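**Q** Structure below; questions to follow.
What follows is calculated from the coordinates using simple rules that are stated; it is not laboratory data. Just so you know, these numbers come straight off a predicted model, no measurement behind them. Note that we place each Cβ from the backbone using ideal geometry, even for glycine, and neighbour counts take in every protein chain shown.
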C-alpha cells in the first residue's frame, strides 16, 4: 500500500451557515469513490480538522454523484460575521481537506 | 413542449452585473433572477437604514437597472430580486426613478413585504413563539433583544408567484430564500400545484444551482481550475426548465467559464447540510437521487430531484451587535521572516501588559504561513516573507481603532524589516440568532403592492 493526497483523486468545495461549515468532496472518477467512502470517515475528518473544528462532524453519502458531504459544527469561530479569522466564511476548508491522505494499492495509477 | 429559461443575475450584494447583462442580451431569457442578500448583507443594510431611513436596500440595484431595463423591454423577460433588503419600497422607488429617467414606460413593479419581524418580537413572544437559538440552544435574552439589528423570516416563492399573477414585470422583495426568485416563475408559468413536491423540489434545486452566480459555471472551482477560460467574462448560469421539472444548466455561448458535471457538483452541495432534507419554505428537497448528464459542451441535464411536504414553520434569522474587530497587518522579510513576526507579536503582548490593555478576544495569524490553514498549516521552511496579523475583539470601537497605534514604533524599535499597509478600518461584528416561527404568523402579514411607471406613488 502507498499513501496519496486526496487532491489526486478528488475535488472539493466548502461553504458556511452560521458556525457550521460543510465540505463537499467529489471523486474525480467513479473508480476512486470507494476509497473515499471507506477511508474518509466522519471521525477521521474530525481528527484531521483538529484545532479548526470543535463540534460534531456528520457525513452524508451521495453515491449518485460520487460525493461525500461533511457537515462540521463549531467550525467558524462563532460564524462568518463574528469570526476573527481571515477565512471567516470557511472557503478554504475545501482546499485544506485535499491534503487528507488516502491509502491505495502499490500498483494504483491515476 | 413549453420550456422556461431562467438566467442568474447576481450572487451577492457587490457581485458583478456583467454576467447578468450577458444573460439579458444573449440568453434568450424568460426571467432574470437575483439573490442579493446574505446574513452579513442584512447587517450592512440595517446600519444604512439606521443612519438614513430612506436606505436599507442593496444600492447597486440602481446601476443594475440602468443596464438591464432597456434589455428587459427589448428582449421581453421579467426580473425578480430580493434587493429590497430591509426597505423594499425604497428599492422600488429607485427602479421607478431609473425607468422614468431613461424614458421607459409600461413597467409594473411589485413589492413584497412581511419578512421583517423585528417590530413584531413582543407580539410573537406573546403568541408563544420559542426564540431559543437553533444553533446554540441558548435562550433569548433582553440583552440580545436590545442589540438586535434585524430579524427577518425567510419567505418562499408564494408571494412572488402572486406578484407575477398580478402582472408584475419586476418583483422586489426583502428576505426571501436564495432560491425563491428562481422557483416562482416556474410555478407561475407551469401552474405547478402547491403539493407537487417533486417538481417544486426540482425548481428549488435549479435555483440553488443558479443563486451563487458563476459558482456553477467555473467560478471558485477546485478540480481543474487552470482549465477555466476567460474568468473576466465568465458566463452566469442559465437553466432551461421543462414542465416536468427536469432542467438543463448552460451559459451564453462564447462566454467565459465552464459548465460540466464537476462544476455543477461543486455547487450542488454548497451550503447544503443533509442532502436528503434540504429545507425550504416551499418544499423539503432530496438530491440523493439526482443524476447529472453532460448532453453537449457546456450543457448539463439534471433529473431525479425528489421533494417532500413543506415544513410547518418558517425560519427567522436575526443579527445582533456583537462588538468590533480591529486588525493590524505588518510584514517581515527573509531571512527569519516567521521568527521576526513572532518576536513582534511577543513585543505587542508585553506592551499591552505594561499599558494594561486587554481585549475580549485575540486572534493571531502569520500570513504566508497559516492564515488560511490555522493549525493545519505544514512547515513552510524559511519563507521569503511573512505578515503578522493580529486581530482583536472589543465592545469599544475606539479601542479597536487604537490597536493599530501600538505597531508603527516597532519599525524602528523592533525586529528588522517591518513594513505595513497602514491602518485597516475597524469592522463591526455581528452575532446571529435563528429560530422557527409558525408559518401562519408570518404569512398573514405578507403584502404585495404594485406600482407602474408614470403613476404617482
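**Q** Any residue that is part of a loop (DSSP other than H, G, I, E, B), under 28 Å from the mean Cα position of the chain (by Cα) and within 12 Å of chain A (Cβ to nearest Cβ) - is there at least one of those in the stretch B:372-387? Reasoning before the result, please.
**A** Applying the first criterion (part of a loop (DSSP other than H, G, I, E, B)) to the stretch B:372-387 yields B:372-373, B:377-384.
Those still in the list that are under 28 Å from the mean Cα position of the chain (by Cα) too: B:372-373.
So of that shortlist, the ones also within 12 Å of chain A (Cβ to nearest Cβ) come out as B:372-373.
There is at least one residue in the stretch B:372-387 that is part of a loop (DSSP other than H, G, I, E, B), under 28 Å from the mean Cα position of the chain (by Cα) and within 12 Å of chain A (Cβ to nearest Cβ).
**Q** Output yes when any residue across the stretch B:64-76 is over 15 Å from residue B:116 (Cα atoms) and touching a residue at least 60 places away in the same chain (Cβ under 8 Å), and no when none is.
**A** yes
**Q** Restricting the search to the stretch B:219-228, which residues are within 13 Å of residue B:260 (Cβ to Cβ) and either assigned to a helix (DSSP H, G or I) or in contact with a strand residue (DSSP E or B) (Cβ under 6 Å, 6 or more places away or on another chain) (or both)? Outline the logic, then answer.
**A** First, the residues of the stretch B:219-228 that are within 13 Å of residue B:260 (Cβ to Cβ): B:221, B:223-225, B:227-228.
If the condition is that a residue be within 13 Å of residue B:260 (Cβ to Cβ) and either assigned to a helix (DSSP H, G or I) or in contact with a strand residue (DSSP E or B) (Cβ under 6 Å, 6 or more places away or on another chain) (or both), then B:223, B:225, B:227 are the ones that fit.
**Q** State all residues of the stretch B:47-69 that are crowded, with 24+ Cβ neighbours inside 10 Å and in a helix (DSSP H, G or I); if no residue qualifies, say none. Show your work before the answer.
**A** From the stretch B:47-69, those crowded, with 24+ Cβ neighbours inside 10 Å are B:56-58, B:61, B:64-65, B:68; that's our starting set.
Listed by number, the residues that qualify are B:61, B:64, B:65, B:68.
**Q** Now, a different point. Identify the residue in the stretch B:136-194 that is within 14 Å of chain A (Cβ to nearest Cβ) and in contact with a helix residue (DSSP H, G or I) (Cβ under 9 Å, 6 or more places away or on another chain) and, among all such residues, is nearest to residue B:47 (Cα to Cα). It would help to see each step written out before you state the result.
**A** We begin by selecting, within the stretch B:136-194, every residue within 14 Å of chain A (Cβ to nearest Cβ); these are B:136-138, B:144, B:147-150, B:154, B:177-178.
From what is left, the residues that are in contact with a helix residue (DSSP H, G or I) (Cβ under 9 Å, 6 or more places away or on another chain) are B:138, B:148-150, B:154, B:177-178.
On the way: B:138: 25, B:148: 11, B:149: 8, B:150: 9, B:154: 20, B:177: 22, B:178: 22 Å.
Result: B:149.
**Q** Which number in (1) facing chain A (nearest Cβ under 10 Å); (2) buried (at least 17 other Cβ atoms within 10 Å of the Cβ); (3) in contact with a strand residue (DSSP E or B) (Cβ under 6 Å, 6 or more places away or on another chain) marks the one condition that residue B:366 misses?
**A** It is condition (1) that residue B:366 fails.
**Q** Give A:8, A:61 a once-over and let me know the one that is more than 10 Å from every other protein chain (Cβ to nearest Cβ), more than 30 Å from residue B:392 (Cβ to Cβ) and in contact with a strand residue (DSSP E or B) (Cβ under 9 Å, 6 or more places away or on another chain). If you could, list the steps in order and put the result at the bottom.
**A** On the way: A:61 fails: more than 10 Å from every other protein chain (Cβ to nearest Cβ).
Matching residue, one of A:8, A:61: A:8.
**Q** Filter the stretch B:281-309 for residues that are in contact (Cβ under 8 Å) with a residue 40 or more places away in the chain and in a loop (DSSP other than H, G, I, E, B); which is farthest from the other protein chains (Cβ to nearest Cβ)?
**A** Kept after step one, since they are in contact (Cβ under 8 Å) with a residue 40 or more places away in the chain, are these residues of the stretch B:281-309: B:281-287, B:290, B:295, B:298-303, B:305-309.
Applying the additional criterion that residues be in a loop (DSSP other than H, G, I, E, B) yields B:281-283, B:287, B:290, B:298, B:305, B:309.
Details: B:281: 16, B:282: 19, B:283: 19, B:287: 8, B:290: 6, B:298: 18, B:305: 11, B:309: 21 Å.
By that ranking, first place goes to B:309.
**Q** Based on this model, can you work out whether residue A:73 counts as within 12 Å of chain B (Cβ to nearest Cβ) and without any contact (Cβ under 8 Å) to a residue 24 or more places away in the chain? Steps first, please.
**A** Working: within 12 Å of chain B (Cβ to nearest Cβ): yes; without any contact (Cβ under 8 Å) to a residue 24 or more places away in the chain: no.
Answer is no for this residue.
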